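Bear in mind these aren't lab numbers, they're just calculated from the coordinates by the rules spelled out. If you're wondering where the values come from, they're calculated on a predicted model, not measured in any experiment. Glycine gets a Cβ as well: all are built from the backbone with ideal geometry, and neighbour counts include every protein chain shown.
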Amino acid sequence: MQDLDRKAHWQRVYDNKDESEVSWFQTEPTVSLELIANCQLTANQPVIDVGGGASVLVDRMLALGYRNLTVLDISSAALAKTQARLAVQKSAAVCRLCSMMPQRSRLSSVTNLN
C-alpha cells in the first residue's frame, strides 16, 4: 500500500467509525499498562505511544499520574477524537498529539536492527 493510500485509509477508518467499533478496541489496555508499570518510569519521564490512534491508553496513563506523554498517529482524525476526549477530562494540556507520515528511509533505518 502506498504511503498516501495508507494515510487516507486510516483517515477513513476514524472518520467513519467510533473508536469502539474497530477490532482492536480495548476498554482497558491492561497488558500495555502492565508492561509500562514494569518499566518503573517516574511520572515525568517521556512516553510516546506510536500508532496510538484513538486508544484510551493515554487516558489511563494520565489517570495514573504520568505527565510527559505523546501520542503519534498517521490519522489526524484519530488524534482529534483523543484530543476531544482529553479536553472533556481537562487533560489535553499535559499530552502532545502528533500526526505524521515518516519517510520510509528514516523508518527503515530505525527498524532495521541487524
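Of note:
- Only the Cβ atoms of Lys and Arg (+1) and of Asp and Glu (-1) were treated as charged; on that basis the dipole of segment 1-50 about its Cα centre amounts to roughly 160 debye.
- Amide proton proximity set for V71, modelled H, under 5 Å, gap of 5+: D49, R96, L97, C98
- Taking other C-beta atoms within 10 Å as the exposure proxy, T82, T70, T27 rank T27, T70, T82 from fewest upward.
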